[in-house]
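> Below is a structure I'd like to ask you about.
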Amino acid sequence: YLMCKKILSISADRISKVEAGRQFDVDAVRDLMIHDIDIIASIVDCKVQRIAAVSNSTDLNDVFAIIQFKNDITANLNVNRFAFEKSRKLYVNTDEEAIHLDFIKRKIEFHRPCANKAWELKDKEDHIVGRKETIYFECDA
C-alpha cells in the first residue's frame, strides 16, 4: 500500500510499563526500539543519512531518536521502559493521508483530509475537515 505513496515522515512509540519479573539484561534501544527501526527501515527502503538520539537515563531506558534517510524521509522514534501505560504505535504521514497503527489494539486508522464544502457558510473560515477510516487487523502471534 505504501509503495505508491510519497512518505513524508514516520513516528514510532514503543512504551512499556514496569512488569514484575521482567529481566533487563539489555537497554531499551536493543530490547524495544530495534523492532521499530526494523519496521521503518523496511518501509523506507533507503540508506540512512544521519542519526541523532538523546536519553534522560544513563542506562538508555528512555530514548528519543531521529533518523534522516537519504530520500528526505524523517523518522522519529521514542522508547520508554518505565511508563505507566503500554503503547506500541506507528504513525506514517504521506502527502495524501496520515496512517496511525496501534499494534496493541490491532487497529489501523487512515486520516484523509478533504475540503469542507460548507466553509463558505461559516464566515468564510478556511479550515479542513478530515475523514477517518478505521480497520482492525488480525495478527498471527
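> Only one residue in Arg112, Arg88 is assigned to a strand (DSSP E or B), modelled with pLDDT under 90 and either touching a Lys or Arg at 6+ places or on another chain (Cβ under 9 Å) or surrounded by fewer than 12 Cβ atoms within 10 Å (Cβ to Cβ) (or both). Which one? Before the answer, list the steps.
Working: Arg88 fails: modelled with pLDDT under 90.
Exactly one residue qualifies, and that residue is Arg112.
> In region 72-85, what count of residues is obtained for those that are over 19 Å from Asp27 (Cβ atoms) and open to solvent by 70 Å² or more (accessible area, probe 1.4 Å)?
Number satisfying all stated conditions: 3.
Every residue, every condition in (1) under 24 Å from Met3 (Cα atoms); (2) of a type outside the set (Ser, Thr, Tyr); (3) in a loop (DSSP other than H, G, I, E, B), yes or no:
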residue: Gly21; (1), (2), (3): no, yes, yes
residue: Ile43; (1), (2), (3): yes, yes, no
residue: Leu60; (1), (2), (3): no, yes, yes
residue: Ile66; (1), (2), (3): yes, yes, no
residue: Asn71; (1), (2), (3): yes, yes, yes
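> Identify all residues within region 24-41 that are more than 13 Å from Phe82 (Cα to Cα), not in a helix (DSSP H, G or I) and not acidic (Asp, Glu); write none if there are none.
Within region 24-41, just Val26 meets the criteria.
> May I pose another question? When both residues are 6+ apart or on different chains and their Cβ atoms are under 9 Å apart, which pairs have a first residue that lies in region 17-45 and is on the phi > 0 side of the Ramachandran plot, and a second that is open to solvent by less than 80 Å² (accessible area, probe 1.4 Å) and assigned to a loop (DSSP other than H, G, I, E, B)?
Between residues of region 17-45 that are on the phi > 0 side of the Ramachandran plot and residues that are open to solvent by less than 80 Å² (accessible area, probe 1.4 Å) and assigned to a loop (DSSP other than H, G, I, E, B), the close pairs are Asp45/Asn71.
> Any residue in region 22-30 that is more than 12 Å from the chain's Cα centre (by Cα) and of a type in the set (Asp, Glu)? If you could, list the steps in order and put the result at the bottom.
In the first step, residues of region 22-30 are kept if they are more than 12 Å from the chain's Cα centre (by Cα); the result is 22-30.
Narrowing the set further to residues that are of a type in the set (Asp, Glu) leaves 25, 27.
Yes, the conditions are met somewhere in region 22-30.
> Give region 49-64 a look and list any residue that's open to solvent by less than 80 Å² (accessible area, probe 1.4 Å) and in contact with a helix residue (DSSP H, G or I) (Cβ under 9 Å, 6 or more places away or on another chain), or say none. Even if it seems obvious, please write down each step before you answer.
Pass one, region 49-64, residues open to solvent by less than 80 Å² (accessible area, probe 1.4 Å): 52-53, 55, 57, 60-63.
Listed by number, the residues that qualify are Ala53, Ser55, Ser57, Leu60, Asn61, Asp62, Val63.
The values are calculated or read from the model by the stated rules, or taken from the named source; none is laboratory data. A quick note: this is a predicted structure, and the numbers were derived from the prediction, not measured. A quick note on method: Cβ atoms are made from the backbone with ideal geometry, for glycine too, and the neighbour counts reach across all protein chains shown. Surface areas here come from the heavy atoms of the whole protein model, side chains and all, with no ligands, DNA or RNA. Shrake-Rupley method; radii C 1.70, N 1.55, O 1.52, S 1.80 Å.
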